[in-house]
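Input: a single structure, listed below in structure tokens.
The values are calculated or read from the model by the stated rules, or taken from the named source; none is laboratory data. Because the structure is predicted, anything quoted here is derived from the model rather than measured. FYI the Cβ positions are ideal-geometry reconstructions off the backbone, even for glycines, and counts take in every protein chain you see.
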Amino acid sequence: MSAELLASRPTESETTLVLTLSNPGARNALHPDMYAAGIEALTTAERDPSIRAIVLTGADRFFCAGGNLNRLLENRSKDPSVQAESIDTLGEWVNALHTLTKPVIAAVEGAAAGAGFSLALACDLIVAADDAKFAMSYARVGLTPDGGGSWFLARSVPRALAAEIMFEAKPVGAARLHEVGVVNRLAKPGHALADALAWADSLAGISPNSLTRIKQLLDDAPAQPLAAHLVAERDHFVASLHHPDALEGISAFLEKRPANYKR
């Protein structure tokens with residue numbers, strides 16, 4: 001069987017799209033075919049109002065081993081543009097994950113290594129089995145990060161910890177990353193996907209407009225001075241107040257009933 005990205009809509013979670021990294025026998029190592037499928041799946045999800053959240057996971061209780069070293073060795077004999085094009089497409093997928101206007105949750109079992117770790121970091125939230133491992137192991141094989149791994153780590157943890165993770169290139173336990181806020185929730189082994197789906201379902205009850213705008217504010221905040229960010233908050237607040245979600249949300253709160261948001 002070849003490497004592929006599987007898309008499914010669990011019957012028990014009608015508002016969530018599950019994307020599963022699948023590469024049997026290779027611990028779900030990545031392949032350019034996955035990148036293209038990922039971009040297509042996210043483009044479709046963005047346009048589908050019935051999808052409220054995305055869960056990214058790996059098949060057979062293993063998230064992703066990262067790049068295939070045998071394929072990388074083969075690419076050394078080819079023009080450098082071949083590898084550059086592959087990394088560019090991976091970057092497009094990572095960017096699509098990060099900029100999707102809907103919540104994206106990574107459900108990690110086993111390990112997330114190399115670009116697999118980058119993919120998990122590109123998600124908004126991470127649920128990991130408490131025995132899962134995360135590794136940026138590039139330096140161990142004479143390489144450097146791709147897929148935005150260094151960008152996300154530099155913004156997620158203190159620089160010293162980011163340097164340690166990338167310099168030593170050793171696996172880091174989910175518990176340690178949970179302590180520093182990279183992993184949001186720990187799950188029992190074998191339960192990361194179920195817990196992520198339950199979380200995605202709960203987010204389906206939150207205003208989609210609010211979630212989209214909050215994601216934008218979070219993305220913009222690190223590069224904006226406070227004065228500019230206050231203006232952005234004002235503009236998002238006013239636009240949200242005049243959005244149908246605010247009418248439904250405020251009415252539901254005052255009427256003491258669950259809100260029913262539509263898109």
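At-a-glance table
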quantity: Qualifying position, being over 18 Å from the mean Cα position of the chain (by Cα) and on the phi > 0 side of the Ramachandran plot, among Gly142, Gly148, Gly110; calculated: Gly142
quantity: Hey, Ala259 in contact with a helix residue (DSSP H, G or I) (Cβ under 9 Å, 6 or more places away or on another chain) and closer than 26 Å to Ile51 by Cα or not; calculated: yes
quantity: Search result, residues across region 1-40 that are among the β-branched types (Val, Ile, Thr) and in contact with a Gly (Cβ under 7 Å, 6 or more places away or on another chain); calculated: Thr20
quantity: Yes/no for Phe134 being exposed (fewer than 13 other Cβ atoms within 10 Å of the Cβ), in contact with a helix residue (DSSP H, G or I) (Cβ under 8 Å, 6 or more places away or on another chain), under 20 Å from Ala113 (Cβ atoms) and at pLDDT 95 or above; calculated: no
quantity: Residue match in region 92-102 (condition: of a type in the set (Lys, Arg) and exposed (fewer than 15 other Cβ atoms within 10 Å of the Cβ)); calculated: no
quantity: Region 90-113, subset among the small types (Gly, Ala, Ser) and touching a residue at least 60 places away in the same chain (Cβ under 8 Å), residue nearest to Lys170 (Cα to Cα); calculated: Ala111
quantity: Test: residue in region 168-176 that is over 24 Å from Ala192 (Cα atoms) and exposed (fewer than 13 other Cβ atoms within 10 Å of the Cβ); calculated: no
quantity: Filter result for Gly190 (surrounded by fewer than 18 Cβ atoms within 10 Å (Cβ to Cβ), at pLDDT 95 or above and not in a helix (DSSP H, G or I)); calculated: yes
quantity: Complete set of residues in region 69-102 that are closer than 30 Å to Ala128 by Cβ, in a loop (DSSP other than H, G, I, E, B) and out of contact with any strand residue (DSSP E or B) (no Cβ under 7 Å at 6 or more places or on another chain); calculated: Thr101
quantity: Considering residues of region 9-35 that are closer than 26 Å to Pro208 by Cα and modelled with pLDDT under 95 only, the residue surrounded by the most Cβ atoms within 10 Å (Cβ to Cβ); calculated: Ser13
quantity: Evaluation of Ala200 against (1) on the phi > 0 side of the Ramachandran plot; (2) within 17 Å of the chain's Cα centre (by Cα) (one fails), failing number; calculated: (1)
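Conditions (1) among the small types (Gly, Ala, Ser); (2) outside any helix (DSSP H, G or I); (3) not assigned by TED's automatic domain parsing to the domain that holds Thr15, marked per residue:
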residue: Lys215; (1), (2), (3): no, no, yes
residue: Leu218; (1), (2), (3): no, no, yes
residue: Ala221; (1), (2), (3): yes, no, yes
residue: Arg234; (1), (2), (3): no, no, yes
residue: Phe237; (1), (2), (3): no, no, yes
residue: Asp245; (1), (2), (3): no, no, yes
residue: Ala259; (1), (2), (3): yes, yes, yes
